[in-house]
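Before any comments, here is the structure.
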Amino acid sequence: MKLEIKSKLSQLNDLRIEISELQFKIEKLEKKGIVIGSVEASYKKPPYTKHNISIEASDPRYINKMNDLKQTLQLRLNNLLELQNEIEKFISGLPTSRLRRIFELRYINQFSWQKIAYTIGGYATKDSVRKEHDRFLKEN
C-alpha cells in the first residue's frame, strides 16, 4: 500500500495533464466528420433579402470508427478521473491539517520542499516538512 500510494501521489500532476489532453482529443473527435458549409439564399417573400444558411452533415464513413475511438478514449479518461479522485480522497483523509497542507502543496501544487516550508511558515524547514511527509508514509 505504501509504495502504491506513493506512486499514485507522484503521478498526480501527469494525470491532470493527461486528463486535459484526453478531453481535448474527445472534443476534437466530436467535431470531426461534420461537414460545415454555407449557401447563400434569399427569403421567399419580398424584400428578397440575401442571407447565409449553414449546412452540417456527418460523414457516415467515419462515424463508427470515430465512435469506437471516442469510446476507448472516454474509458481511459474515466479511469484516470477515478485515480485522480482516489488521490484527492487520500489527501483529504489525512489526519491533520498540517499533513493535508504538506501533501497538497507537494502533490497538487508541485511545490519544492523549500517552498512548502516557506508557505507553512513558523519554524518549518525543508528538511522538517519532508521528514514529516516521509514519516507519515512510512508509518501508514
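The values are calculated or read from the model by the stated rules, or taken from the named source; none is laboratory data. Owing to the predicted nature of the structure, the values given are computational and were not obtained by experimental measurement. All Cβ positions, glycine included, derive from the backbone under ideal geometry; neighbour counts span all protein chains shown.
Of the residues contained in segment 18-29, none is found to be modelled with pLDDT under 85 and in contact with a Ser or Thr (Cβ under 9 Å, 6 or more places away or on another chain). Here segment 49-73 is the region considered, the condition is being part of a strand (DSSP E or B) and among the polar types (S, T, N, Q), and the residue that is modelled with the highest pLDDT is 52. So is residue 13 assigned to a helix (DSSP H, G or I), in contact with a helix residue (DSSP H, G or I) (Cβ under 9 Å, 6 or more places away or on another chain) and touching a residue at least 60 places away in the same chain (Cβ under 8 Å) or not? Taking the combined requirement at face value, the residue satisfies it. The residue pairs whose first member lies in segment 116-131 and is without any contact (Cβ under 8 Å) to a residue 60 or more places away in the chain and closer than 16 Å to residue 97 by Cα, whose second member is exposed (fewer than 14 other Cβ atoms within 10 Å of the Cβ) and not hydroxyl-bearing (Ser, Thr, Tyr), and whose beta carbons are closer than 9 Å, counting only pairs six or more residues apart or on different chains, are 116/109; 117/127; 119/109. The residues on offer are 63, 102, 108, and the sole one that is crowded, with 16+ Cβ neighbours inside 10 Å and either over 17 Å from the mean Cα position of the chain (by Cα) or not charged (D, E, K, R) (or both) is 102.
Residues to consider are 106, 98, 76; find the one that is out of contact with any Ser or Thr (no Cβ under 6 Å at 6 or more places or on another chain), farther than 29 Å from residue 21 by Cβ and in a helix (DSSP H, G or I).
98
Filtering segment 25-37 for residues that are without any contact (Cβ under 8 Å) to a residue 24 or more places away in the chain, over 30 Å from residue 138 (Cβ atoms) and assigned to a strand (DSSP E or B) leaves a non-empty set.
Residues of segment 82-95 that are assigned to a helix (DSSP H, G or I) and within 15 Å of residue 9 (Cβ to Cβ): 83, 84, 85, 86, 87, 88, 89, 90, 91, 92. Does residue 124 qualify as being over 19 Å from residue 5 (Cα atoms) and either in contact with a Ser or Thr (Cβ under 8 Å, 6 or more places away or on another chain) or at pLDDT 95 or above (or both)? So residue 124 fails the test.
Filtering segment 117-131 to residues that are of a type outside the set (Ser, Thr, Tyr), more than 16 Å from residue 9 (Cα to Cα) and assigned to a helix (DSSP H, G or I) leaves 117, 120, 126, 127, 129, 131.
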